[in-house]
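Right, one structure below, let's go through it.
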Amino acid sequence: MAVEFEGISVRQYADKTKKGPKRPSFPRKDIKIVLCPRNGLNVSKHCQAQLHDSIAKATGIGKELETEDILRANPQQNTLVISTPSLARAAVYGKIQELSIGGSSYKVVAYAAPT
């Protein structure tokens, strides 16, 4: 007999609570650019500041990335998502092919997420 807690099994409850609180949604009208790392980059092993700095170096976009755009790492899918209201900056983010973090260079594939 399976032990239940609040109408769900203990395993389901553990899985549910392990994920932590849900993040707020990105702004609806923003353009979302997804970066999929290749050749060994594990986004969960780098802090947000390192990821932010590597994108700023790759694009030359610094101030706007800090103030207007949102960078979010998804460790489960090993991806980075950048949400921006600017079509011009989205085009620049979409051209990223490589990120340099901690003295290593990593290839990335960038694409615009469907809305």
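The values are calculated or read from the model by the stated rules, or taken from the named source; none is laboratory data. Here the structure is a predicted model, which is why all the values come from computation and not from measurement. Every residue, glycine among them, receives a Cβ derived from its backbone with ideal geometry; neighbour counts consider all protein chains shown.
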(request) Determine the pairs where a residue that is under 12 Å from I70 (Cα atoms), located within the stretch 20-34, has a partner that is at pLDDT 95 or above and among the basic types (K, R) with Cβ atoms under 7 Å apart, the partner being 6 or more residues away or on another chain. (result) F26/K32
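Please work out if I61 is at pLDDT 95 or above, β-branched (V, I, T) and closer than 21 Å to K95 by Cα.
Considered against the rule, which asks whether it is at pLDDT 95 or above, β-branched (V, I, T) and closer than 21 Å to K95 by Cα, I61 comes out as no.
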(message) Residue under question is S105, and the condition is that it be surrounded by 11 or more Cβ atoms within 10 Å (Cβ to Cβ), touching a strand residue (DSSP E or B) at 6+ places or on another chain (Cβ under 8 Å), outside any helix (DSSP H, G or I) and among the small types (G, A, S); does it hold?
(response) yes
(request) Mind counting the residues in the stretch 17-43 that are part of a helix (DSSP H, G or I) and either of a type in the set (F, W, Y) or surrounded by 10 or more Cβ atoms within 10 Å (Cβ to Cβ) (or both)? (result) 1
(message) For the stretch 71-104, give me the residue count where each residue is among the charged types (D, E, K, R) and more than 15 Å from I61 (Cβ to Cβ).
(response) 2
(request) Output the residues belonging to the stretch 44-65 that are among the polar types (S, T, N, Q) and crowded, with 19+ Cβ neighbours inside 10 Å. (result) S54
(request) Keeping to the stretch 87-115, report how many residues are among the β-branched types (V, I, T) and touching a Phe, Trp or Tyr at 6+ places or on another chain (Cβ under 8 Å). (result) 0
